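See structure below.
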Amino acid sequence: GQSLEQPSEVTAVEGAIVQINCTYQTSGFYGLSWYQQHDGGAPTFLSYNALDGLEETGRFSSFLSRSDSYGYLLLQELQMKDSASYFCAVDSGNTPLVFGKGTRLSVIA
Amino acid sequence: KAGVTQTPRYLIKTRGQQVTLSCSPISGHRSVSWYQQTPGQGLQFLFEYFSETQRNKGNFPGRFSGRQFSNSRSEMNVSTLELGDSALYLCASSSEQVAGELFFGEGSRLTVL
């Protein structure tokens, strides 16, 4: 089976940096995705890591360590609009994405 | 191009009834997946369709079913509704060329009374 663990809640200050961790257990692994979901909205794709290392897209970066079955999403220069839920999801190839339960990020002034 | 469209956006049913939800994927996307989202439980996979064939199925009872049409539009049906079926049902489409990326609709929020 597959399982993912991520913190349920994180609070950070506007302008700061926050890291959301994700550990996974899976029988097959192709890559790790991250999604953002605002309250009442649809999940939207942020990033996908297939190889070890850090990938940067603007204020957001995502990291993967395949040997540690671990990844994280890094949000820099936090803004109030970043308050949302963030989900990691495992891609195991020809099976559907399996999502973690999500991390609710609250950005405070 | 237009995103994933789900209808209806909100609906209220009573126990024992059945419901049909519709999803129109992004033009050109042949894969459609359905997820159930409840508070604190993340997104639970229901089923995936590709070119009118069910490719994968999650661990949900047989009351949950779906299908895909030749134009890639998909429907899911839940029969004999239970209170626990109250949830946000999300549809997502994807391109076979891009790994790990799903395009989600706004969802259909079902309340069972």
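Throughout, read-outs are computed from the coordinates displayed, never taken from laboratory work. These figures come from a predicted structure and were not determined experimentally. Cβ coordinates were reconstructed from backbone atoms using ideal geometry, including for glycine residues, and neighbour counts include every protein chain displayed.
Take the alpha carbon atoms of chain B, find their radius of gyration, then divide it by 2.2 N^0.38 Å using N residues; give the quotient.
Working: Rg = 13.3 Å, N = 113, 2.2 N^0.38 = 13.3 Å.
Relative to the 2.2 N^0.38 Å estimate, chain B comes out at 1.00.
Filter the GluC sites (Glu not before Pro) in the range A:1-52 down to the DSSP loop ones having no more than 14 other Cβ atoms within 10 Å, then list what survives. Please list the in-between numbers first.
Values: sites: A:E5, A:E9, A:E14; in loops: A:E14.
Answer by residue number: A:E14.
Would you pull out the residues with amide H under 5 Å of A:L46's amide H, same chain only if 5 or more places away, H placed 1.01 Å from N?
Long-range HN contacts for A:L46: A:W34, A:Y35, A:Q36.
Treat every Asp and Glu Cβ in the range B:7-103 as -1 and every Lys and Arg Cβ as +1, leave all other atoms uncharged, and give the resulting dipole magnitude about the Cα centre to the nearest 20 debye. Intermediate values should be presented prior to the final figure.
Numbers: 9 positive and 7 negative charges, 48 e Å.
Dipole size: approximately 220 debye.
Would you work out if the range A:20-62 is rounded, prolate or oblate? Take a ≥ b ≥ c from the square roots of the eigenvalues of the alpha-carbon gyration tensor; rounded if a/c is under 1.5, else prolate when a/b is larger than b/c, oblate otherwise.
Details: a/c = 2.28, a/b = 1.34, b/c = 1.70.
Here the range A:20-62 falls in the oblate category.
At 7 Å along the Cα-to-beta-carbon direction for both A:N21 and A:E9, put a label point, then send me their distance in nm to one decimal.
Between A:N21 and A:E9, the simple spin-label model gives 1.9 nm.
Taking amide H positions as placed in the peptide plane 1.01 Å from N, state which residues far from B:G107 in sequence (5 or more) or on other chains have amide H under 5 Å from it.
Long-range HN contacts for B:G107: B:Q6, B:C91.
Per 5 Å bin, what is the whole-percent P(r) computed from every C-alpha pair distance within the range B:8-61?
4, 14, 20, 25, 23, 10, 3, 0
For B:30-40, what's the mean count of beta carbons from other chains sitting within 10 Å of each residue's beta carbon? Before the final figure, lay out each step's value.
Values: counts 0, 1, 0, 2, 1, 4, 0, 6, 0, 2, 4.
Average per residue, whole number: 2.
Can you give the direction-averaged projected area of the convex hull of the alpha-carbon atoms in the protein assembly as shown, in nm²?
Numbers: hull surface 48.8 nm².
Taking a quarter of the hull surface, the average projection is 12.2 nm².
Which value, in debye to the nearest 20, describes the size of the charge dipole of the protein assembly as shown about its Cα centre when Lys and Arg Cβ atoms bear +1, Asp and Glu Cβ atoms bear -1, and nothing else is charged? Don't skip to the end; give the middle numbers.
Numbers: 16 positive and 19 negative charges, 177 e Å.
Roughly 840 debye for the protein assembly as shown.
Could you size up the charge dipole of the range B:7-63 around its Cα centre, putting +1 on the beta carbon of Lys and Arg and -1 on that of Asp and Glu, and report it in debye to the nearest 20? Please list the in-between numbers first.
Working: 7 positive and 2 negative charges, 37 e Å.
Value, rounded to 20: 180 debye.
In terms of Cα to Cα distance under 15 Å, which aspartates and glutamates are near enough to B:K57, apart from those fewer than 8 places away along the same chain?
B:E48, B:E75
Over all Cα pairs of chain A, how is the pair count split among 10 Å bins, expressed in % and running from 0 up to the last occupied bin?
15, 50, 29, 6, 0
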